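Remarks on the structure that follows.
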Amino acid sequence: MASSKNLSRFWEWGRKIICVGRNYADHAKELKNVVPTEPVLFLKSPSAYVREGAPVLMPYYSNNLHHEVELGVVIGKGGKDIAQASAMDHVEGYALCLDMTARDVQDQCKQKGLPWTLAKAFDTSCPVSDMIPKETIKDPHNVKIWLKVNDILKQEGSTSSMIFSIPFLISYISRVITLEEGDLILTGTPKGVAAVQEDDEMVAGIDDIISMRFRIKKQV
Ligand SMILES: O=C(O)/C=C/C(=O)CC(=O)C(=O)O
Ligand SMILES: [Mg+2]
């Protein structure tokens, strides 16, 4: 066990949510981005967390909210300048995550050269599952992540297609940002991202290990 503290409710710790973008070539290409040679990083606020039973809210300033299904990595042991060789010792477990994205706002930010905060970090932009114990996913680089909207399959990809591996990401991130127990790393989404509408139901999963469902509502 990496930590003596109980991280099973990691989303209550108020720790960092560090997101990796464009980590699947098929997704980078569908949005007409170049495939990166270094990880693209951005942050979400801890208030982005939302749990099953509560709705995902469409921000009042967006008309194009996209789903992105991702594998999350829960950090159990913090560190700075973590070596790739020992990086997995810092992992407590995994989580199924959605990186909800106001795509129209992100496009505007990109055009203006502005940060993606409004597009990515709003409240309820990070639906999460329970923590999956590390031992349950023997090879995190070989699981299928999938997402359906109203029962129609929209995203299905294998984590084997990640450009940057989990040890590489932990090492890379920890050279820039000290990792703490309870932090969550979102490892990027495969292709198939698309818009959701009010009252749509999203169901996502990691293989048949875990699944979760969320309904979309408008922010009032
Ligand atoms: O550069 C873009 O147009 C979009 C990038 C993303 O939203 C990146 C991700 O969040 C991802 O790849 O998961
Ligand atoms: Mg993403």
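The values are calculated or read from the model by the stated rules, or taken from the named source; none is laboratory data. Quick caveat: nothing in here was measured; it's all calculated off a predicted structure. Neighbour counts are summed over all protein chains in view; Cβ atoms, including those assigned to glycine, are modelled from backbone coordinates with ideal geometry. These accessible areas exclude ligands, DNA and RNA; they are computed on the full protein's heavy atoms, side chains included. Shrake-Rupley method; radii C 1.70, N 1.55, O 1.52, S 1.80 Å.
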Subset of segment 139-149 that is open to solvent by less than 80 Å² (accessible area, probe 1.4 Å) and not aromatic (F, W, Y) - its residue that is farthest from ligand 1 (Cβ to nearest atom): D139
Being more than 16 Å from ligand 2 (Cβ to nearest atom) and of a type outside the set (D, E): is that true of T178 here? yes
Residue, farthest from ligand 1 (Cβ to nearest atom), within segment 27-54, restricted to residues that are in contact with a strand residue (DSSP E or B) (Cβ under 7 Å, 6 or more places away or on another chain) and more than 14 Å from D123 (Cα to Cα): E52
Within segment 124-137, does at least one residue satisfy the condition of being without any contact (Cβ under 8 Å) to a residue 24 or more places away in the chain and in a loop (DSSP other than H, G, I, E, B)? no
Residues in segment 83-116 that are surrounded by fewer than 21 Cβ atoms within 10 Å (Cβ to Cβ) and either among the acidic types (D, E) or touching a residue at least 40 places away in the same chain (Cβ under 8 Å) (or both): how many? 11
Any hit, segment 54-72, residues being over 28 Å from Q197 (Cα atoms), of a type in the set (G, A, S) and not in a strand (DSSP E or B): no
Residue within segment 79-88 that is in contact with a strand residue (DSSP E or B) (Cβ under 9 Å, 6 or more places away or on another chain), in a strand (DSSP E or B) and closer than 23 Å to E12 by Cα present: yes
Counting only residues that are within 16 Å of ligand 2 (Cβ to nearest atom), open to solvent by 20 Å² or more (accessible area, probe 1.4 Å) and under 16 Å from I177 (Cβ atoms), segment 57-82 contains a total of 0
Looking at segment 173-220, which of its residues are open to solvent by less than 60 Å² (accessible area, probe 1.4 Å) and hydroxyl-bearing (S, T, Y)? S174, T187, T189
For segment 117-138, how many residues meet the condition of being farther than 15 Å from I210 by Cα and open to solvent by 70 Å² or more (accessible area, probe 1.4 Å)? 3
